[in-house]
Each structure stands twice: as structure tokens, then as C-alpha cells.
Amino acid sequence: MKVTRFGIFTVLIGDRRADRVVPPSRGMARLTEFSAAAMAFLAVFAIALSSATGRLADRWASELARTATIRISAPPGQVEEQTRRVLEVLATTPGVGSARALTAEEQRALLEPWFGPDLPIAALPVPQLVEVVETGAGFDSDGLQLRLRGEAPGAILDDHTRWRRPLVQAADRLRWLGFFVMGLISLTTGAIITLAAQAAMAANEKVIRTLRLVGARDVFIARAFVRRFTVRTFLGACIGTGLGVGVMSLLPPGDADQGFLTGFGFSGTDWLLPLLVPPLAAAVAFWSTRIAALRRLKGLT
């Protein structure tokens, strides 16, 4: 038999006659819809994971890149003088937007989570901290460090690079993990639909042989199974996507100052991303069923 090519658009809108010549299988239809709904539900969370970690990586990179800290460790009689020199150097450094020395109260607040509220900071050799806020262009950290060594030997610049890089890398890896999960979901969906399509064709083997005897082409027979499973998958994916979006909408909104878990979900135009799940699921179902159907028909004698 000659096998002609057919596209997903043709499968979705036409030849309904093929549906009528193959008896429906309610068990396979329900399995397909349930599997598609479950995979779509999980895909929404995978997309949310990628979206949330992407925002988190961008926020960490931008926030940590805008600030730096200078730590001044010197004998008690020299701390004030070296702090003054550091501020003078920063005032003439291109790329530095502002700089100020933290007060004793602010430094106590930074140490309070670790040492408690009764920390005698005045009696401890706590280094003086200077907060540096960069401009959009930023500053030359190597050049600034050299200037600080000449003016204030006890000053050490920390531009947060060693802290920023692992955080951003971790967030990026989580984002790629979300993409990997979406790919795994697609492969699992394709495998389930392939098995369901093969089972449906095996159950209707006598009908297929009879159709061949009366002159039906393989493409006509395959189109019935492809259209049926593609439509069922699309409907199930719509249900699963709707449920996933509904659950995501119930999560507390994320705040820029809060952690990852409170920011897990969609934001802004990211809410449109789940709309891609049903058509992608339908595409997976189309190609999986098409390959399985044509291979099965080719193997029948």
C-alpha cells in the first residue's frame, strides 16, 4: 500500500470519516487523557522552576554586582584615620556611586543573628566596614585595591565576586534542571502515547485488515489513530495545564527581598508560558502516534 504524508493540521481538522471506521477504545482514550493531564501538570511546575530560578539568578547577579565592602583591620588608634583615607580614595574613584562607613549599631545588627543582641562590639576587635555602591559602569577592582594598599594598608576590598559566582551558577543549574525535567516529561509522554497507540492498533487488527481488503490506504487508517490520540492528548494537556496554573496561582506571591521558595511561581508575562504546554503535548502525541501507526501498518502483512 502507498503511504502518503499528512500533517498535524490535517489530522486535527479533517478526515472525520477515518474516526468512524475504527471503533473507539474508551480505555485507551481515558489513559491518554489522564497521562497527558498528569504530564502537563508536572510540566507547569517545571516551567515555574525554570522561570523562578532565572529571576533568582538575575536578581542575585544584579544585587551583588552593585555593592562591595571594604574591611579595615588596623590598630585601634589607626582605624579612624584609615577609614577617612579609604573614603577619600573612594570619592575620587570612577564607577563608585557612594560610600559610607557603617556605624557600630549597623555592624552589631549584622552580627546579631550569629552572636545574639548582647554582643559587646566595642570590646571586640571587629574590623570597620565600608559599604560601596557602584554606578552602572562599575569600578576597576584591581586598580582600587592597589590604591587602597598605598593609602590604607589595613583595607581589604571584597567585591562579592567569590560569593556571587557560586550563587549565580547554582541558580543557572536549577534553571537547566527545569529544562531537563521538561524534556524528560516530553519523552515520557511520547512513550506512554506510543504504547497506547500500539495497544489500540493491536486491539483493532481485524478491523485494519478488513479495511485493507476493501481498499483503504494505510494513510487513511493511520490518520484515524493519529487524530484520535492527538486530540485526546491536547484535551488532557489543557486540563492538566489549567490545574497546574490554578495551583500556582494559590501560592503566595514572591517578594524581591525574600528567598527562593517564596518566589517560586510565575511573574508578569511568564504566566503566558504554560499556554505552550497543550500544543507541545499535541505535537508530541502527533509524532509518536504517527511513527507507531505507520510502523505497525508496515509490519502487518
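Throughout, read-outs are computed from the coordinates displayed, never taken from laboratory work. These numbers were taken from a predicted model, which means no experiment stands behind them. In this analysis, Cβ positions are derived from the backbone assuming ideal geometry, glycine residues included, and neighbour counts consider all displayed protein chains.
Can you list residues whose amide H is under 5 Å from G265's amide H, if they're 5+ apart or on another chain and H is modeled 1.01 Å from N?
For G265, whose amide H was placed from the backbone, the distant partners under 5 Å are A52.
Quick one: 3J(HN,Hα) in Hz for the range 236-244, Karplus 6.51/-1.76/1.60 with θ = phi - 60°, rounded, Gly and Pro as x.
Going residue by residue, I get x, 5, 4, 5, x, 5, x, 5, x Hz, with x marking Gly and Pro.
Which peptide among 37-46, 223-232 comes first, and what is the full order, when sorted by highest mean count of other Cβ atoms within 10 Å?
Numbers: 37-46: 22.5, 223-232: 25.1.
Top of the packing list down: 223-232, 37-46.
Determine, for T32, T194, the number of other Cβ atoms within 10 Å of each Cβ, and report the residues in order from fewest to most.
T194, T32
Would you mind checking which residues have amide H under 5 Å from R100's amide H? H placed 1.01 Å from N; only 5 or more apart, or other chain.
The answer is E131.
Once both labels are modelled 7 Å past Cα along the beta-carbon direction, what's the L167-R100 spacing in nm?
2.1 nm
Taking θ as phi - 60°, what are the ³J(HN,Hα) couplings along the range 76-93 by the Karplus curve (6.51, -1.76, 1.60), each to the nearest whole Hz, with x for Gly and Pro?
x, x, 10, 4, 5, 5, 5, 5, 5, 5, 4, 5, 5, 5, 5, 5, 10, 9
What ³J(HN,Hα) values, in whole Hz, does the Karplus curve 6.51 cos²θ - 1.76 cosθ + 1.60 give for the range 101-106 when θ = phi - 60°, with x put for Gly and Pro?
7, 6, 6, 4, 5, 5
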